[in-house]
């Protein structure tokens, strides 16, 4: 941070949020600088118009120097008491200004802090931009909600008063007030502010929705499941704020040697004065050595990268993980809930001759709706509530299936063993890696229903894209059966498989990857994969709307759970790393160049002021280069 501000707002370092008090303090400094410039111009004018009254001109210049000088001295003293990387700048500017006072160079004593204050005002804009981005997300969490009472009445309330279990009505044009589950209705939701997806989400009964999404059409009744900081959007904001406060590794490295750097600069300045006997050259060295550009290189890049990631529905817990991701060399990925949806779905119907599939769907869905078995629940979706057949004398056979009386006779849905028990003649049970249910009515076998955990439609594309990005070493690590895992791996082009793995086995395999010299990226659903997620160089969990362990174990969270965002993560991290390297080179190289120019007297008689201008120019170059990251945009096409 530049001088004359840190003592007033010590917390306003680059990459942290600016409070209202901090912004007011910075505004006061700019006001002081403007007043000092006015006195400075008046003093110069007096010197030109009334040269015989040089004392009045000197008094005006001295007043201007004191006006901006006292905050600078206080800032320098504060940095001595509480040293950090940004405090070096405060100390160096304070020393340079005191040196200008001591040599009687009041023009430099005025213009030097003024230039640095205006430079800080430009730097502050980069912090405010990221603050405004988070504030915009915060505004999404504040809205009105239509609370549905037990008697069906609708009352408009503040969404901050909602609690889990409340039921709300979301009309066309309304914003979803909190995370929840759709109970009734159908509508298209714009989820771009949360997931970064440009294609509207079609919300139907039973679907989980995020607070902050906009209802484009239709009417929804939603049961609230998470509110406030526990909601998906609340977690987005908390993670972004935490990531902004975090210090990247390169910043911590620079701070470790901050004291030695200050001593080196003072030695160079003293040597310059001793050899050249030029006070301006010495002052220029002190100003030129201010490491603002170098100190801002990492935070500015990290803040921009984290903001862009959030816009794409990617939550990054800290800038360190963004840097680590660029260096990953292998992929360890879970199956259930990651490459697949993690829920059973009907894969195929094999009806007997003369049996219409529509008949099978209605009857299976009706029977499935009266059972609590996972297979039955999956089949219940085949028949919506209004299309279900009337059932009587429902009898559920534990672990086998369900039997009920219908208008067509006794119907049964369940495992082959159930149909055998009730005397149904069945064809041969098909070979299938997954649950199989048979359907019969009035003693006649109708069809086999084959269920499976469905592969995500984007999984093959995502795995191929990661291979193109250099992650050719890919391992499917799952607790499922080997036959199922190998079939999926073959379908997605994953060369290596470890099946029937317990959480401890997954941890050991990830550790073995690291011991073999690889840097694994671990992707899982964040529950049974929590140990592996923490053990990997970078862990990515699927879906922030899931359990809290996903956020606790993973370094990065994909809100929308679209696997194609893995490629977005990798490309963004590499772009950030490239930007960071350029910023460090600019910050370090520029600083060394102007220090050398100042030490050899190449900056002229106004060396300190020229050094201040060049110093702020390098800072603006670093911030501008980091700002280029904000143009990064990847829209995912509809599958």
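The values are calculated or read from the model by the stated rules, or taken from the named source; none is laboratory data. Computed from a prediction, not measured in an experiment: that's the story for all the values here. Positions of Cβ are backbone-derived with ideal geometry, glycine not excepted, and every protein chain shown enters the neighbour counts.
In this structure, residue 354 does not qualify as in the same structural domain as residue 471 (by TED's automatic domain parsing) and part of a strand (DSSP E or B).
At least 2 residues being at pLDDT below 85 is the threshold, and among the strands (runs of 3 or more DSSP E) wholly inside region 155-216 those reaching it are 179-190, 201-203.
Against the list (1) surrounded by fewer than 17 Cβ atoms within 10 Å (Cβ to Cβ); (2) on the phi < 0 side of the Ramachandran plot; (3) in contact (Cβ under 8 Å) with a residue 12 or more places away in the chain, the condition residue 388 fails is (1). Is there a residue being assigned to a strand (DSSP E or B) and touching a helix residue (DSSP H, G or I) at 6+ places or on another chain (Cβ under 7 Å) anywhere in region 412-430? Scanning region 412-430 turns up at least one residue that is assigned to a strand (DSSP E or B) and touching a helix residue (DSSP H, G or I) at 6+ places or on another chain (Cβ under 7 Å). When the test is whether a residue is touching a helix residue (DSSP H, G or I) at 6+ places or on another chain (Cβ under 9 Å) and closer than 30 Å to residue 556 by Cα, residue 365 does not pass it.
One residue stands out in region 284-328 among those that are over 30 Å from residue 213 (Cα atoms) and touching a strand residue (DSSP E or B) at 6+ places or on another chain (Cβ under 7 Å): the one that is surrounded by the most Cβ atoms within 10 Å (Cβ to Cβ), namely 328.
In a residue-by-residue description of region 457-480, the property of being without any contact (Cβ under 8 Å) to a residue 12 or more places away in the chain, assigned by TED's automatic domain parsing to the domain that holds residue 380 and either under 22 Å from residue 375 (Cα atoms) or crowded, with 16+ Cβ neighbours inside 10 Å (or both) applies to no position. Looking across 121, 54, 62, 109, one residue alone is within 46 Å of the chain's Cα centre (by Cα), assigned to a helix (DSSP H, G or I) and either surrounded by fewer than 18 Cβ atoms within 10 Å (Cβ to Cβ) or modelled with pLDDT of 75 or more (or both). It is 121.
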